[in-house]
Amino acid sequence: MTTSFPPASTSRPPLAQIGPVAWVRKNLFNSWFNSILTILLGLILGNTLVSFVRWAFSLAQWQVIPANLPLYFVGRFPASEYWRIWVLVALLAALAGQTWGILAKTAPRLFSRPVLIGLAIAALIAVIFPTPLPYRLLIIGIEVLVAASAWFGWQMASKVPSFGKWLAIAWAIALPIALWLLLGGFGLRPVNINDWGGMLLTVFVSVVSILLSFPLGILLALGRQSTLPVIRWLSTAYIEVVRGLPLLSILFFASVMVPLFIPSNIRLNLVMRAIIGLTLFTAAYLAETIRGGLQSIPRGQTEASRALGLSTPLTLGLVVLPQALKVSIPAIVGLFISLLQDTTLLLIIGLFELLGISRSILANPQFIGRYAEAYLFIGLIFWVLCYAMSWGSRRLEQSLNTTH
Amino acid sequence: MTQSTDSSEKIPFWRDDRVWRILIQIAVLGLVLLIGSILVGNMFRNLAQLGRQFNFSFLQNQAGFNIGETIVPYQTNDKYWWALVVGFLNTLRLILLGFVLATAIGVLAGIASFSDNWLLKKLNWVYVEVVRNIPLLLQLFFWIFVVFYGLASQKSPADPPTSLLGAGYINKTGLYIPWPGSGVGDLLALLGLVVGAIAAFLVWRWRMKLMETAGALGKTQQWMLIGLAIAGLLVFLFGLGWQMPVVGDGNSVAGGLRISLEYAAVLAGLSFYTGAFIAEIVRAGIQSVSKGQWEAARALGLHTGLAMQLVVLPQALRVIIPSLNSQYQNLAKNSTLALAIGYPDFFSTFQTTQNQTGRAVEMILILMAVYLLVNLVITTVMNQFNQAVQLKER
């Protein structure tokens with residue numbers, strides 16, 4: 001009754017079944033069609049990469065970027081007041097770091113591998129980027145600040161349960177401080193909003209527009225869900241008309257028509273008109289996003305809160321809206337990403353946001369024809385911003401998912 | 001002691017829910033009307049101060065501006081309304097071809113994300129993530145300034161125009177591609193192709209019906225289809241009288257079809273941008289069909305292509321079509337960015353007209369009407385299509 005087991009093999013499996021050769025065979029050359037495809041794509045890709053590298057190191061003149069770095073980032077913001085921007089960036093970095101720490105409180109490790117790689121790449125770019133030495137040190141300092149406050153927030157989140165509430169209040173206080181630092185007044189030298197440009201204007205306009213569009217967006221979303229027909233029709237009409245129109249026509253409306261709608265003795269500058277246009281536009285999309293969130297809240301929630309004796313406004317404000325907004329956070333981040341991209345359209349109405357300022361730099365005879373360099377640089381900035389936000393929102397979606 | 005009166009009489013009207021519902025609606029309507037009337041009142045006051053009236057008679061005045069490229073005759077002394085129509089036709093030319101190209105790119109890229117070829121999958125991922133995370137306007141600038149002007153620029157004026165794989169040429173005046181001739185024989189051949197395509201479709205339907213109802217193999221019909229395809233290919237290659245672009249004296253290009261660089265750039269930018277979104281929709285649609293459907297189809301003996309065509313795609317389309325509708329609307333709306341490139345679409349002629357006449361109010365009404373109409377047409381067509389693919393339930 002002896003069962004003979006096959007002899008235990010101590011030799012490694014043949015290379016054709018495991019290892020890089022097998023991987024290549026399985027993923028690149030598993031059929032004649034795939035083999036042809038791989039060779040064809042490889043040739044095209046290799047050719048493109050070689051000609052790109054050759055162009056980047058011999059033909060391209062990258063001088064257009066370091067020579068105009070302040071313009072790209074803050075436009076014609078006075079150079080003597082740059083310290084205010086740095087203070088603002090440090091403030092936002094500290095708050096953002098702590099928020100990240102709180103959101104990651106359920107994660108087993110704060111600094112996971114992709115995060116460490118991202119931080120390392122950012123540090124590397126800061127070191128090799130051809131800017132004056134103080135700026136490099138400042139950028140690295142800010143990165144350290146983000147990491148440190150993330151760690152601080154992560155520690156605090158587990159010790160002080162109400163830390164999140166305090167942080168929300170800190171964000172609310174940071175907003176007026178940001179405006180004060182940027183605009184001046186109250187002891188600081190005033191800076192004309194028309195001198196803003198580049199990334200400062202891009203980020204400012206998109207953040208302010210999305211914040212301002214929240215009240216209108218929430219009202220429209222509730223209005224569209226309302227049982228009162230007149231309110232429902234009005235909200236639906238607004239949402240559908242705005243969503244049916246190109247953004248360019250709404251910006252045109254804001255820059256040409258809004259001055260006609262207000263009394264002629266009030267003058268709005270172009271940035272404000274652009275913000276009005278973007279707010280009216282975003283509110284319609286935000287309303288649809290929030291409506292999606294509202295629809296995902298089960299009826300039982302409303303019925304339960306009515307049974308507890310809460311009135312309709314209290315039911316909405318305390319029970320339904322907080323849940324609906326939380327559900328729609330990832331979609332709102334997506335909306336913000338497209339809003340950030342849409343701010344490039346402001347160049348058509350004559351504002352110098354990131355794309356607009358590069359157009360005016362490229363009109364300078366010294367840098368004429370350097371389109372590829374400048375556009376690659378801006379494209380990279382937008383890509384990093386938008387990709388990081390969408391990655392973050394996917395992570396947020398996971399950490400906010402409290403269903404069991 | 002107890003008074004048993006009707007309960008509706010007891011409730012005072014200020015505590016009656018029904019009264020409040022009506023009152024709130026009246027109040028909201030009144031508020032909206034009040035704000036609207038203040039704004040419109042301001043507008044008319046401001047217009048009066050500027051010495052303008054509100055009417056559409058200016059559309060009968062001479063436009064006096066030039067439109068770079070048109071598909072219908074247009075002169076600078078034509079009327080404003082005709083200039084707007086010409087611009088609208090340019091927009092239509094852009095978005096209709098854009099729909100076709102974006103769908104083709106999107107479907108190919110969406111299917112490519114299911115490929116078992118690692119390189120293709122990664123390249124597809126790079127395409128989608130790069131295009132979706134960079135603003136469209138920047139992409140359009142890239143297409144026109146870097147790609148098309150870059151290809152068209154010559155080091156010295158004596159250089160010949162850049163050749164595109166031997167089939168066409170590109171220089172500062174435009175992109176030249178082969179195009180069918182316009183003689184009587186060529187038109188007849190084109191007509192023949194259309195008739196042949198309809199015939200092939202009918203034969204295909206006939207074959208499918210025979211296969212489904214009678215269980216026949218449909219060999220005869222298959223041979224007919226192959227014959228039609230060969231005949232069609234021959235007519236396509238030799239019957240249409242293809243005009244090849246040729247380089248003449250002074251390095252000018254003649255023959256073939258000239259496409260302006262601006263049109264080519266906007267079309268390429270819009271198609272690749274929308275294509276990336278469509279790719280994601282197609283991918284999500286195919287993923288939404290459960291794996292069991294694939295396995296069941298394979299178990300019934302259908303090979304991959306037929307399983308896709310007969311089982312998976314009809315179910316995926318139910319998910320895909322509604323989202324496709326909003327992508328087509330986005331493409332139509334984004335086509336206004338052609339203005340920044342210099343392609344004379346509707347928005348560009350609209351803006352020139354508005355700048356020349358100063359009639360902001362009238363023009364914005366026209367603008368709203370046109371784009372809402374375009375979106376309405378797209379939605380109607382897509383809804384028809386949607387009804388055709390939706391689940392047929394009893």
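List of remarks:
- Scanning the stretch B:155-171 for residues that are touching a residue at least 24 places away in the same chain (Cβ under 8 Å) and closer than 29 Å to residue A:378 by Cα turns up B:170, B:171.
- Residue in the stretch B:258-274 that is without any contact (Cβ under 8 Å) to a residue 12 or more places away in the chain and either not acidic (Asp, Glu) or not assigned by TED's automatic domain parsing to the domain that holds residue B:100 (or both) present: no
- Cβ separations smaller than 6 Å between residues 6+ apart or across chains give the following pairs from the stretch A:363-390 residues that are more than 9 Å from chain B (Cβ to nearest Cβ) and touching a residue at least 12 places away in the same chain (Cβ under 8 Å) to residues that are surrounded by 18 or more Cβ atoms within 10 Å (Cβ to Cβ) and part of a loop (DSSP other than H, G, I, E, B): A:377/A:65.
- Any hit, the stretch A:347-355, residues being touching a residue at least 40 places away in the same chain (Cβ under 8 Å), surrounded by 18 or more Cβ atoms within 10 Å (Cβ to Cβ), assigned to a helix (DSSP H, G or I) and over 18 Å from the mean Cα position of the chain (by Cα): yes
- All positions within the stretch B:70-92 that are under 20 Å from the mean Cα position of the chain (by Cα) and at pLDDT 85 or above: B:84, B:85, B:86, B:87, B:88, B:89, B:90, B:91, B:92
- Going through (1) out of contact with any Ser or Thr (no Cβ under 7 Å at 6 or more places or on another chain); (2) surrounded by fewer than 16 Cβ atoms within 10 Å (Cβ to Cβ); (3) more than 30 Å from residue A:379 (Cβ to Cβ) one by one, residue A:310 falls short only on (2).
- Exactly one residue among A:168, A:67, A:157 is assigned to a helix (DSSP H, G or I), over 21 Å from the mean Cα position of the chain (by Cα) and within 30 Å of residue A:396 (Cβ to Cβ), and that residue is A:157.
- Verdict on residue B:74 being farther than 30 Å from residue A:37 by Cα, out of contact with any Pro (no Cβ under 6 Å at 6 or more places or on another chain), within 12 Å of chain A (Cβ to nearest Cβ) and surrounded by fewer than 21 Cβ atoms within 10 Å (Cβ to Cβ): no
- Residue within the stretch A:258-267 that is in a helix (DSSP H, G or I) and more than 10 Å from chain B (Cβ to nearest Cβ) present: no
- Evaluation of residue A:341 against (1) within 11 Å of chain B (Cβ to nearest Cβ); (2) farther than 27 Å from residue A:395 by Cα (one fails), failing number: (2)
Residues are listed down the side, and each one gets a yes or a no for (1) in contact with a Cys (Cβ under 9 Å, 6 or more places away or on another chain); (2) in contact (Cβ under 8 Å) with a residue 12 or more places away in the chain; (3) assigned to a helix (DSSP H, G or I):
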residue	(1), (2), (3)
B:20	no, no, yes
B:26	no, no, yes
B:31	no, no, yes
B:54	no, yes, no
B:70	no, yes, no
B:73	no, no, no
B:76	no, yes, no
B:90	no, yes, yes
B:93	no, yes, yes
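- Residue A:190 meets the conditions (1) more than 14 Å from every other protein chain (Cβ to nearest Cβ); (2) in contact (Cβ under 8 Å) with a residue 12 or more places away in the chain in every case but one. The failed one is (2).
- Put simply, of B:192, B:185 the only residue that is in contact with a Gly (Cβ under 9 Å, 6 or more places away or on another chain), assigned to a helix (DSSP H, G or I) and loosely packed, with under 12 Cβ neighbours inside 10 Å is B:185.
- Of all residues in the stretch B:17-37, one or more are surrounded by fewer than 12 Cβ atoms within 10 Å (Cβ to Cβ), at pLDDT below 90 and basic (Lys, Arg).
- Residue A:245 being free of Cβ contacts under 8 Å to residues at least 40 places away in the same chain and either of a type in the set (Asp, Glu) or within 13 Å of another protein chain (Cβ to nearest Cβ) (or both): yes
- The listed residue being over 30 Å from residue A:23 (Cα atoms), within 11 Å of chain A (Cβ to nearest Cβ) and of a type outside the set (Phe, Trp, Tyr), out of B:147, B:100: B:147
- Helices (runs of 4 or more DSSP H) lying entirely in the stretch B:278-394 (those with 3 or more residues that are more than 14 Å from chain A (Cβ to nearest Cβ), modelled with pLDDT under 90 and surrounded by fewer than 20 Cβ atoms within 10 Å (Cβ to Cβ)): B:291-299, B:313-334, B:360-389
Residue by residue, here is whether (1) surrounded by fewer than 18 Cβ atoms within 10 Å (Cβ to Cβ); (2) more than 14 Å from chain B (Cβ to nearest Cβ); (3) over 21 Å from residue B:28 (Cα atoms); (4) modelled with pLDDT under 90 holds:
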{"site": "A:160", "(1), (2), (3), (4)": "yes, yes, yes, yes"}
{"site": "A:165", "(1), (2), (3), (4)": "yes, yes, yes, yes"}
{"site": "A:170", "(1), (2), (3), (4)": "yes, yes, yes, no"}
{"site": "A:221", "(1), (2), (3), (4)": "no, yes, no, no"}
{"site": "A:228", "(1), (2), (3), (4)": "yes, no, no, yes"}
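- Scan the stretch A:181-194 for residues that are in contact with a Gly (Cβ under 9 Å, 6 or more places away or on another chain) and surrounded by 15 or more Cβ atoms within 10 Å (Cβ to Cβ) and the total you get is 1.
- Tally, over the stretch A:261-271, of residues that are touching a residue at least 60 places away in the same chain (Cβ under 8 Å) and surrounded by 14 or more Cβ atoms within 10 Å (Cβ to Cβ): 2
- Only listed residue being crowded, with 20+ Cβ neighbours inside 10 Å, of a type in the set (Gly, Ala, Ser) and closer than 19 Å to residue A:218 by Cα, chosen from A:324, A:331, A:374: A:324
- When residue A:35 is tested against (1) surrounded by fewer than 17 Cβ atoms within 10 Å (Cβ to Cβ); (2) out of contact with any Phe, Trp or Tyr (no Cβ under 7 Å at 6 or more places or on another chain); (3) within 14 Å of another protein chain (Cβ to nearest Cβ), exactly one condition is not met: (2).
- Selection within the stretch A:122-146: residues that are within 20 Å of residue A:94 (Cα to Cα) and among the β-branched types (Val, Ile, Thr). The member of this set that is surrounded by the most Cβ atoms within 10 Å (Cβ to Cβ) is A:146.
- A search for C-beta distances below 9 Å between a residue of the stretch B:108-130 that is at the interface with chain A (Cβ under 10 Å from one of its Cβ atoms) and over 17 Å from residue A:40 (Cβ atoms) and any residue that is among the aromatic types (Phe, Trp, Tyr) and surrounded by 15 or more Cβ atoms within 10 Å (Cβ to Cβ), counting only pairs 6+ apart in sequence or on different chains, returns B:129/A:383; B:129/A:387; B:130/A:383.
- Residue in the stretch A:232-240 that is within 24 Å of residue B:331 (Cα to Cα), facing chain B (nearest Cβ under 10 Å), part of a helix (DSSP H, G or I) and within 28 Å of the chain's Cα centre (by Cα) present: yes
- Residue within the stretch A:127-147 that is assigned to a helix (DSSP H, G or I), under 20 Å from the mean Cα position of the chain (by Cα) and among the small types (Gly, Ala, Ser) present: yes
The values are calculated or read from the model by the stated rules, or taken from the named source; none is laboratory data. Remember, predicted model here, so these are calculated numbers, not experimental data. Note that each Cβ is placed from the backbone with ideal geometry, even for glycine, and that neighbours are counted across all protein chains shown.
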